[in-house]
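Please read the structure below before turning to the comments.
The values are calculated or read from the model by the stated rules, or taken from the named source; none is laboratory data. These numbers come from a predicted model, not from an experiment. Don't worry about glycine lacking a Cβ; one is built from the backbone with ideal geometry, like all the others, and counts go over all protein chains shown. Accessible surface areas use protein heavy atoms only, side chains included; no ligands, DNA or RNA. Shrake-Rupley method; radii C 1.70, N 1.55, O 1.52, S 1.80 Å.
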Amino acid sequence: GQRIAAVTFDTQEAIMITTPDAIILRVNQAFYEITGYSKEEVVGQNPRIFQSGRHDAAFYQAMWAALLATGKWSGEVWDKRKDGSIYPKMTTITAVYDENRKLTHYVAVFRDISNRKKSEQEIHQLAFYDPLTALPNRRLLMDRLHQALALSIRNGRYGALLFLDLDHFKTINDTRGHAAGDLLLIEASRRLQTCVREGDSVARLGGDEFVVLLEGLDNEADEAASLTELVAEKIRQELDQPYVLDDFECHLTVS
């Protein structure tokens, strides 16, 4: 049994064994590799020292309630490494009992899932954002539009949609090349974002087409329309300013 235990302990996953009142008794090599803490530093300590501050007290209370009721808890936890960096880990904690059903230990097994999180984030970025300007794409815009409509029905406030395209953009692309066209789109999208409020959305549909979604303007249609005109005018003025790109300056108008 001892040999099997020794082999099991030497795994890619971090293992931490604690007393029933959560004092650390043993950790394995993978624990050190993931957290940066050696066994000398953690034995005798409470696992609280790894808390990242990302979870509230209710999170840990629920974890303990599950452990006491069922003897097991699994989930995702953000913890802090010794160097202070915060990382996500997938953890399973199991209660160990003796033959009299008396609790003797807790065994926590976890693995670092930051790479998985990073690739999930990259996939999300590709699915919902325009790679050139980093603005929401059509798919995310539709999503936000549905939410805005639902909210508008609930709170009775009008919103507005503005469709814009840059006049003669194709000419610049053709005469100056796509790199210049790309710089122009990046600058135009930056300016667009300065014209709207915090909760509004600017999206790029493709090419030189942009959409601005204004939310919760006013309960009166006339007032909402006036506010929309003000934003549209502000956008027109912003986008009409000359663009200074690498080696040339150009003027654009917007429809």
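Cβ-Cβ contacts under 6 Å between residues 6 or more apart (or on different chains), taken from a first residue in the stretch 33-46 that is on the phi < 0 side of the Ramachandran plot and of a type in the set (S, T, N, Q) to a second residue that is part of a loop (DSSP other than H, G, I, E, B) and open to solvent by less than 40 Å² (accessible area, probe 1.4 Å), are listed as Asn46/Ala22.
Could you tell me whether Thr228 is over 33 Å from the mean Cα position of the chain (by Cα) and either closer than 27 Å to Gly159 by Cβ or among the basic types (Lys, Arg) (or both)? Outline the logic, then answer.
Values: over 33 Å from the mean Cα position of the chain (by Cα): no; either closer than 27 Å to Gly159 by Cβ or among the basic types (Lys, Arg) (or both): yes.
No; evaluated as a whole, the condition is false for this residue.
Kindly establish whether Ser226 is part of a helix (DSSP H, G or I), out of contact with any strand residue (DSSP E or B) (no Cβ under 6 Å at 6 or more places or on another chain) and closer than 23 Å to Asp174 by Cβ. Judged against the criteria, Ser226 is not a match. The residue pairs whose first member lies in the stretch 117-134 and is surrounded by 10 or more Cβ atoms within 10 Å (Cβ to Cβ), whose second member is acidic (Asp, Glu) and assigned to a helix (DSSP H, G or I), and whose beta carbons are closer than 7 Å, counting only pairs six or more residues apart or on different chains, are Leu132/Asp182.
Here is a list of conditions, (1) among the aromatic types (Phe, Trp, Tyr); (2) touching a helix residue (DSSP H, G or I) at 6+ places or on another chain (Cβ under 6 Å); (3) in contact (Cβ under 8 Å) with a residue 24 or more places away in the chain, and Trp78 meets all of them except one; can you say which number that is? All conditions pass for Trp78, except number (2).
Okay, residues lined up against (1) modelled with pLDDT of 95 or more; (2) in contact with a helix residue (DSSP H, G or I) (Cβ under 6 Å, 6 or more places away or on another chain); (3) open to solvent by 60 Å² or more (accessible area, probe 1.4 Å):
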{"position": "His168", "(1), (2), (3)": "no, no, yes"}
{"position": "Gly181", "(1), (2), (3)": "no, yes, no"}
{"position": "Ile186", "(1), (2), (3)": "no, no, yes"}
{"position": "Ser189", "(1), (2), (3)": "no, no, no"}
{"position": "Ser201", "(1), (2), (3)": "no, yes, no"}
{"position": "Ala221", "(1), (2), (3)": "no, no, no"}
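In the stretch 211-230, the residues that are at negative phi reach residues that are among the hydrophobic types (A, V, I, L, M, F, W, C) and open to solvent by 80 Å² or more (accessible area, probe 1.4 Å) with C-beta atoms within less than 6 angstrom, at least six apart or across chains, in these pairs: Val211/Phe163.
Sub-6 Å Cβ pairs linking a first residue in the stretch 238-255 that is among the polar types (S, T, N, Q) to a second residue that is part of a loop (DSSP other than H, G, I, E, B) and surrounded by 11 or more Cβ atoms within 10 Å (Cβ to Cβ), at least 6 apart or interchain, are Thr253/Asp167; Ser255/Asp167, ordered by first then second residue.
Can you name the residue in the stretch 28-61 that is part of a helix (DSSP H, G or I), hydrophobic (A, V, I, L, M, F, W, C) and open to solvent by 60 Å² or more (accessible area, probe 1.4 Å) and, of all such residues, is farthest from Phe110 (Cα to Cα)? Lay out the reasoning, then the answer.
The first filter runs over the stretch 28-61 and keeps only residues part of a helix (DSSP H, G or I), leaving 29-35, 39-42, 47-50, 57-61.
From the residues that got through so far, the ones that are hydrophobic (A, V, I, L, M, F, W, C) too are 30-31, 34, 42, 49-50, 57-59.
Those left that are additionally open to solvent by 60 Å² or more (accessible area, probe 1.4 Å): 49, 57.
Numbers: Ile49: 16, Ala57: 21 Å.
Restricting to residues being part of a helix (DSSP H, G or I), hydrophobic (A, V, I, L, M, F, W, C) and open to solvent by 60 Å² or more (accessible area, probe 1.4 Å), the top hit is Ala57.
In the condition set (1) open to solvent by less than 40 Å² (accessible area, probe 1.4 Å); (2) in contact with a helix residue (DSSP H, G or I) (Cβ under 6 Å, 6 or more places away or on another chain), Asp112 is compliant with all but (1).
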